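See below for the structure under consideration.
The values are calculated or read from the model by the stated rules, or taken from the named source; none is laboratory data. Just so we're clear, the structure is a prediction, and the values are computed from it rather than from any experiment. As a convention, Cβ positions derive from the backbone with ideal geometry for all residues, glycine included, and neighbour counts pool all protein chains shown.
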């Protein structure tokens, strides 16, 4: 299955803030950071990303190219 469009731009930007070298590293970083998040929209965003991470395998995760939105613009040019 193609997971290249699994994450939204907002989710991708959040992911790129944290260690996304492995699915486990990313999950751990997000869970740790979530303890300091108080904005309901951000809490929801973290929850959505965590749910999507739980729905895929480590192998599928490793095939996703992660980039922040501004990096994508540079790649397209």
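Some notes on this structure:
Residues checked against (1) within 13 Å of the chain's Cα centre (by Cα); (2) farther than 13 Å from residue 68 by Cα; (3) in contact (Cβ under 8 Å) with a residue 24 or more places away in the chain:
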| position | (1), (2), (3) |
| --- | --- |
| 4 | yes, yes, yes |
| 9 | yes, no, yes |
| 15 | yes, no, yes |
| 22 | yes, yes, yes |
| 27 | yes, yes, yes |
| 36 | no, yes, no |
| 41 | no, yes, no |
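- Output for the range 51-77, where each listed residue is outside any helix (DSSP H, G or I), under 16 Å from residue 10 (Cα atoms) and modelled with pLDDT under 80: 67, 68
- Per-region count, the range 20-45, residues assigned to a loop (DSSP other than H, G, I, E, B) and loosely packed, with under 13 Cβ neighbours inside 10 Å: 6
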